[in-house]
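A short write-up of the structure that comes next.
The values are calculated or read from the model by the stated rules, or taken from the named source; none is laboratory data. Quick caveat: nothing in here was measured; it's all calculated off a predicted structure. As a convention, Cβ positions derive from the backbone with ideal geometry for all residues, glycine included, and neighbour counts pool all protein chains shown.
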Amino acid sequence: MPDRYNAYREIIDKQPMCDTHEHIVEESQRLQPNERRDFTVLVDSYYAQDDLMVSGLDVKGRDLLLRTDVDPKDKWKIIAEPWNRCRHTGYMHGVRESLRILCGEDDLHAGNVQSVSDQIAEMIKPGYYRHILKDICNIDHCQVNSLNHDTPIFRDYCEMPDLLCQDINLLYLSTWLDIDSISKQIDKNVTTLTDWHEVIDWAFAKYGPRAIGAKSKTAYTRSLDFADVPAEAAALPFHISRDPFSEGKGHKRPSGVDVHDQKLIEDHLFHYCVKKCIEYDLPVKFHTGYYVSWKSLNLRRIRDNVVDLCDLFQTYPEGKFVLLHVNYPYMDDVIAAVKHHHNVWVDMAWTWVVNPHACVQFFKDFVKCAPINKLLIFGADFNQVELVPGEAAMTRHGLALALSELVDEGWLADKEVPDIIERVMYRNAHELYDYKGTLKNWDGFGG
């Protein structure tokens with residue numbers, strides 16, 4: 001590597017980095033005796049699993065990987081050929097980087113899966129989250145969108161809120177309505193739209209002061225063209241959807257409600273939630289772009305994600321909106337939206353392992369087109385903490401490459417680089433998210 005890259009990499013490696021998007025489960029869950037503790041912890045993320053599936057792994061083989069009663073060497077036999085077909089992808093590069101950092105191995109093979117499994121088992125003990133995130137990755141803090149089914153709105157039992165900040169999950173309050181389980185949680189009978197407004201009010205009053213942001217992954221199942229529907233237009237469809245004979249659940253449409261009426265309900269509730277986010281000064285984070293999984297990609301809908309959101313940005317100039325995952329592969333739309341709107345930011349979370357080369361180019365394009373304070377550089381987007389080191393290393397490498405190229409090409413001065421590094425890795429996140437103020441509202445962390 002040229003001297004310029006090395007000089008920038010030294011600065012980058014010393015700089016603590018904010019991790020602005022994760023799904024990491026609580027450490028106590030990973031310490032349970034029924035949790036897997038072998039090499040498959042590194043390869044059973046949605047992402048690596050997706051590449052293995054499209055490379056030839058079948059569902060039966062995938063399910064065997066998740067079992068605790070199958071020997072690591074037998075598991076390797078199941079994935080050896082698919083692994084060799086996709087080991088070069090960004091997903092697998094991240095896996096191999098974590099493997100290198102945590103276990104001192106450059107790759108997985110039949111001769112080391114047992115020793116790697118032994119090292120992982122030894123690693124999983126009280127305090128290992130903080131060791132990996134702080135000591136190894138030099139992470140300032142993580143922002144977690146919990147996917148636990150027992151906490152559909154907010155993980156309020158977080159064990160380390162200074163390290164694992166929590167997002168409010170907008171999904172089940174607005175578009176994938178989980179009325180039954182949430183109403184039982186707060187012991188409220190919900191039959192009308194006004195009742196559900198009260199549920200949303202309760203959720204933000206209870207969790208808003210401790211939340212770092214609010215996340216929506218609505219883009220997986222519908223367009224993001226949220227019309228500003230008044231309550232009176234959504235009230236009757238909502239009431240019909242609460243028919244006791246309705247079979248609707250989650251993001252499935254209730255019986256008696258057509259597609260048009262379902263969109264009225266969802267659009268109205270999403271606007272209601274945005275207003276609550278503004279009230280509690282919570283940035284709204286949108287999944288945009290590429291989907292996790294290996295058989296459900298809707299590129300037509302993805303193509304319009306940012307286009308669909310522009311009306312929302314302009315309707316709420318006092319709001320704060322974050323476009324996660326740079327809307328890959330339609331990344332130019334993101335740069336245009338961020339450049340044009342004072343209240344929109346972009347987060348490169350996950351994208352470093354989706355397509356690291358494209359991320360280097362995106363960073364270069366963004367720096368020369370949009371204000372640098374609007375860019376968040378990293379979020380590993382994993383359930384497993386063991387995979388954060390790999391993507392963090394890829395991000396630091398990609399950032400050093402991009403900055404080196406910009407200076408070599410005459411687009412940046414060398415003296416500008418240190419400030420950009422500190423901004424995109426740390427300062428921008430602290431300016432956008434009230435980390436210190438939020439932390440004061442957790443028991444034991446009050447100022």
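A few comments on the model shown:
- Qualifying residue in segment 13-23 (condition: surrounded by 20 or more Cβ atoms within 10 Å (Cβ to Cβ), within 17 Å of Ala429 (Cβ to Cβ) and among the charged types (D, E, K, R)): yes
- Conditions (1) out of contact with any helix residue (DSSP H, G or I) (no Cβ under 9 Å at 6 or more places or on another chain); (2) closer than 27 Å to Pro152 by Cα: number failed by Lys14: (2)
- Residue match in segment 302-313 (condition: crowded, with 22+ Cβ neighbours inside 10 Å, out of contact with any Cys (no Cβ under 8 Å at 6 or more places or on another chain) and among the basic types (Lys, Arg)): no
- Scanning segment 414-447 for residues that are touching a strand residue (DSSP E or B) at 6+ places or on another chain (Cβ under 9 Å) and of a type in the set (Asp, Glu) yields a total of 1.
- Taking the listed residues Val346, Val385, the one that is within 22 Å of Leu312 (Cβ to Cβ) and crowded, with 18+ Cβ neighbours inside 10 Å is Val346, with no other qualifying.
- Output for segment 1-56, where each listed residue is farther than 30 Å from Arg85 by Cβ and of a type in the set (Gly, Ala, Ser): Ala7, Ser28
- Of all residues making up segment 29-83, the number that are aliphatic (A, V, I, L, M), within 28 Å of Tyr129 (Cβ to Cβ) and either surrounded by fewer than 12 Cβ atoms within 10 Å (Cβ to Cβ) or assigned by TED's automatic domain parsing to the domain that holds Trp350 (or both): 0
- Matching residues in segment 160-180 - criterion: being modelled with pLDDT of 95 or more and in a loop (DSSP other than H, G, I, E, B): Met160, Pro161, Asp162, Leu163, Leu170
Every residue, every condition in (1) part of a helix (DSSP H, G or I); (2) at pLDDT below 95; (3) surrounded by 24 or more Cβ atoms within 10 Å (Cβ to Cβ), yes or no:
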| residue | (1), (2), (3) |
| --- | --- |
| Ala380 | no, no, yes |
| Pro389 | yes, no, no |
| Ala393 | yes, no, no |
| Leu403 | yes, no, yes |
| Leu406 | yes, no, no |
| Pro418 | yes, no, no |
| His430 | yes, no, no |
| Gly437 | yes, no, no |
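- Within segment 140-159, the set of residues being in contact (Cβ under 8 Å) with a residue 40 or more places away in the chain and either of a type in the set (Val, Ile, Thr) or assigned to a helix (DSSP H, G or I) (or both) comprises Val144, Ile153.
- Here Tyr316, Tyr328 are screened, and the one residue that is hydroxyl-bearing (Ser, Thr, Tyr), over 28 Å from His88 (Cβ atoms) and out of contact with any Cys (no Cβ under 7 Å at 6 or more places or on another chain) is Tyr316.
- Among residues of segment 43-60, those that are in a helix (DSSP H, G or I) and under 27 Å from the mean Cα position of the chain (by Cα), counted: 10
- Flag for Asp107 being acidic (Asp, Glu), surrounded by fewer than 18 Cβ atoms within 10 Å (Cβ to Cβ), without any contact (Cβ under 8 Å) to a residue 24 or more places away in the chain and more than 21 Å from Pro356 (Cα to Cα): no
- Residue within segment 89-104 that is under 21 Å from Cys137 (Cα atoms), among the hydroxyl-bearing types (Ser, Thr, Tyr) and in a helix (DSSP H, G or I) present: yes
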